[in-house]
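Rule-based calculations on the coordinates, nothing more; no lab input. Keep in mind it's a predicted model, so treat the numbers as computed, not measured. Heads up, the Cβs are rebuilt from the backbone with ideal geometry, glycines too, and the neighbour counts pull from every protein chain shown.
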Amino acid sequence: MDAVSIIALSMGAAWASGINLYATLFMLGYMATTGNIALPQELEVLTNPMVMTAAGFMYCVEFFADKIPGVDTGWDSIHTFIRIPSGAMLAASAIGDVTPAVELSAAILGGSLAAGSHMTKAGTRLLINTSPEPVSNWTASISEDLLVIGGLWTALNHPVLFIVGLIVFIALMIWLLPRIWRLLKRVFRRIGSWLGLCDPPEPDVLMTDEPKEKTVEQIKT
């Protein structure tokens, strides 16, 4: 594998792990077993039937758990401690036999990427759960599964295209995460006000300084 393919595989595995770890493990193992890809020696363990069976079983469990409102959020919370370390390990293993410094760098980048994709998924699903209907959960879950499968296939067959798409995803993630966090704070604040634990959130204001300027002028007059 050339350098671009190795980078795409390393970062692709980390990115996909943050969204659906078990689908990532099973797909890599399956594609290597069927001869569609050649995994680095450090990742050949994914082709072991025991590993593929475990990954396939856990994917089936996640397939249903990820589509039940509330359960999916609990599942994501638990997997914060599973997806991120696994993404770091896959990223470090995917680059093959290299120096410890390069391997550690790949683990840091992979863990950060897995954390970003995981937080984006978990935050988005938590917001979706504020809607009472289950259709959005099914749509989001199936879309995430297709995104992981399509992303890994692109990383393995069209690495340059995947890297470009990954850069776009990272930029979108940087823009989106703060907004998701602000929305989540408002949701938790509103729930807390219903329970009498805190004051209700303030009314929405425009993301400009115009309302503040008008308020100051009104105070002066």
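For the reader, a short list of remarks on this structure follows.
- The stretch between ASN157 and ILE170, if pulled fully straight at 0.36 nm per residue, gains 2.6 nm over its current Cα-Cα span.
- Taking segment 88-132 and a reference point 7 angstrom along Cα→Cβ of GLU44, the backbone N atoms nearer than 13 Å belong to 97.
- When the charge dipole of segment 3-170 is built from unit charges on Cβ atoms (+1 for Lys and Arg, -1 for Asp and Glu) and taken about the Cα centre, the candidate among TYR59, SER143, SER93 whose Cα reaches farthest toward its positive end is SER143.
- In this simple spin-label approximation, TRP75 and THR139 carry label points 7 Å from Cα along the Cα→Cβ vector, and these lie 1.9 nm apart.
- In this structure, ASP2 and ILE149 have a Cβ-Cβ separation that, at R0 = 25 Å, corresponds to a calculated FRET efficiency of about 0.60.
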